[in-house]
Amino acid sequence: MQAVILASGRGTRMGSLTDSIPKPMLMVNGKSLLHHKLDILPPEIDEVIFVIGYLGEVIREAFGSEYAGRKITYVHQEDLNGTMGAVALTKPHITGRFIVMMGDDLYGTEDVLRACATPDWSVVLEETMHMASGGKAIMGEGDLVLDIVEGEHHGTHGFMNTNLFVLDERVFDFPMVPKAIGSSEYGLPQTVLAAAKSADIPLHAVPATSWIQVTAPEDLEKAERLLSL
């Protein structure tokens, strides 16, 4: 099984912290965000595909062609055309089921394991009583996800999309979907939902037990605190 990790962006909200390194290489508790992700991957992951862009050579130098016995492959994203645009670049390398993870967020080992154990496709969702901006999952019967609605959801209960998906090569059989009407960026959640509906592939929800979204400097401080508990 393969893991695709999206690590092409600079992270402009990090300000000067990303002047000389890409955002996924920022440090938390003595390790980069990317090292944290690689260290929680389950044993069945035998290859990691990094989608790199801004200062991608920093990531290449850090990991080389192998890490902890896993093959490392690099794909360069020149046109920053969204999360699905990044995933689409990995198509020639994908051979079956694969995980997609954001390079700048921190995920929990158990959540990754349970996502990999589900049949069909899956997405990890965090239940919260105080939604923020982002993707709010619309649930159907059982654990099935019917839709993911982007926007402002402040102050409401819901299930937030963590952008950790388990998919397979069938996702590439369908057109990429813009993240919003008129957008030049193609969204991973939007494309996955459209493909799942077209191909009648169940998309299962996996409840998150540990997810730290890292978007601004204060999130690094939050991550330091939480990982130190």
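The table for this structure:
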quantity: Approximate spin-label separation A199-L229, in nm, with each point projected 7 Å along Cα-to-Cβ; calculated: 3.7 nm
quantity: Mean Cα-pair separation over length for the chain, i.e. relative contact order, pairs under 8 Å, 6 or more apart, %; calculated: 23 percent
quantity: Å³ per residue enclosed by the Cα convex hull of region 31-127; calculated: 119 Å³
quantity: Compactness of the chain as Cα Rg over 2.2 N^0.38 Å, two decimals; calculated: 0.95
quantity: GNM top mover of M84, M27, M101 - the chain, alpha-carbon springs below 10 Å; calculated: M27
quantity: Per-selection metrics, region 149-194 (Cα): Rg and Dmax in Å; calculated: 12.4, 37
quantity: Other-chain or far-sequence residues with amide H under 5 Å of A208's (modelled H); calculated: L125, E126, E127
quantity: Spin-label pair E141/N29, simplified geometry with 7 Å Cα→Cβ offset, distance in nm; calculated: 4.1 nm
quantity: Binned Cα-Cα distances of region 27-73, short to long, each 10 Å bin given as a whole percent; calculated: 24, 59, 17
quantity: Mean accessible surface per residue for the chain, computed with a 1.4 Å probe while every protein chain stays in place, in Å²; calculated: 46 Å²
quantity: Accessible surface of region 151-219, 1.4 Å probe, proportion on carbon and sulfur as whole %; calculated: 54 percent
quantity: Solvent-accessible area, 1.4 Å probe, carbon plus sulfur percent, for region 1-117; calculated: 51 percent
quantity: Spin-label model distance (nm) - T73 vs T12, 7 Å beyond Cα toward Cβ; calculated: 3.2 nm
quantity: Candidates V58, V75, V100, ranked by Gaussian network fluctuation over the chain, Cα under 10 Å, top entry; calculated: V58
quantity: Across K91/K222; K37/K91; K23/K197; K136/K222; K71/K136; K71/K179, pairs whose alpha-carbon gap is larger than 25 Å; calculated: K91/K222; K23/K197; K71/K136; K71/K179
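The values are calculated or read from the model by the stated rules, or taken from the named source; none is laboratory data. From a predicted model like this one, the values you see are computed outputs, not experimental measurements. Here Cβ is always computed from backbone atoms with ideal geometry, including for glycine, and neighbour counts include all displayed protein chains. Note: areas computed on protein heavy atoms with side chains; ligands, DNA, RNA excluded. Shrake-Rupley method; radii C 1.70, N 1.55, O 1.52, S 1.80 Å.
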